[in-house]
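Working notes for the structure below.
Derivation of every value follows stated rules applied to the coordinates shown; laboratory data play no part. Nothing here was measured: the structure is a model prediction, and the numbers come from that model. Quick reminder, even Gly has a Cβ in these numbers, built from the backbone with ideal geometry, and neighbours come from all protein chains shown.
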Amino acid sequence: MTRYDEIFENNRMWMASKTASDKEFFEKLAVEQNPDYLYIGCSDSRVPTNEIMGLDAGEVFVHRNIANLVNNVDLSVMSVINYAVRHLSVKHIIVCGHYNCGGVKAAMQPADLGLLNPWLRNIRDVYRLHRQELDAIEDDHARYNRLVELNVQEQCVNVIKTAAVQQSYVERGYPTVHGWVYDLNTGRLIDLKIDFEGILHNIQEIYDLTGQGLMKKKDDK
């Protein structure tokens, strides 16, 4: 049996394991999806989304691309966010990067990467915004990991800039945006403790798309 054929054998075993504990597992799953989470992560094959979160099929709506970018001209990620917020009513949006990210590392190199240039420029822009902090880090690996974290932070800001997120939060009180990093060396998920309400309040001075004026932070109410 080839490794390709093994995939289908693995699938049969997985199906059996699910129906062993719940005979109606797939019937119930096929009716609809009601995920509480939208996960925007990197395409890296070493990051198994549902597994690292300990969640099952149907519990996480997922979008992945190189270096977990949220680019406002990327119709794919914008469509996913819009659908997840307006139609699935997700309660949480997670942007998850990971240490040892090849996309982030590539953006740190002074090299022409062809088609990847315009995509990775988004990460170079993150470096430019935080250049003073990053250049002060002498250790290359530590600087690399910090850029991974800052990239997650800036992509969270990009999520918060969207009309769907702003309007839904003002009207319904959700979703909340979170920034995580996954450590490949340990399997640990790290919550960067993004100040969602603070960021939303600050960016609304320029990016307000609610038509209702600035949202007050809880501690200002």
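Okay, here's what the table says:
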read-out: Packing-based order for 26-34, 201-209, using average beta carbon neighbours within 10 Å, highest first; value: 201-209, 26-34
read-out: Mean-position separation - Cα centroids, region 12-59 and region 173-190, in angstrom; value: 18 Å
read-out: Anisotropy class of the chain from Cα gyration tensor, a/c 1.5 cut; value: oblate
read-out: L184 long-range amide H proximity, modeled H, under 5 Å; value: Y99
read-out: Kyte-Doolittle mean at least -1.0 and Cα axial length at least 18 Å: DSSP H helices in the chain; value: 116-129, 140-160
read-out: Across K105/K161; K91/K161; K18/K91, pairs whose alpha-carbon gap is larger than 22 Å; value: K105/K161; K18/K91
read-out: Per-residue Cβ neighbour rank within 10 angstrom, fewest leading, I66, I94, I160; value: I66, I160, I94
read-out: Antiparallel bridge percentage (DSSP; both residues within region 34-220; nearest 5); value: 20 percent
read-out: Which of S168, S89, S21 has the fewest Cβ neighbours within 10 Å, and the rest in rising order; value: S21, S89, S168
read-out: Mean residue ellipticity (222 nm) of the chain, computed from DSSP H runs ≥ 4 via -39,500 (n - 2.57), nearest 500; value: -15000 deg cm²/dmol
read-out: Local electrostatic count at L192 - Lys and Arg +1, Asp and Glu -1, tallied over other residues with Cβ under 14 Å; value: -2
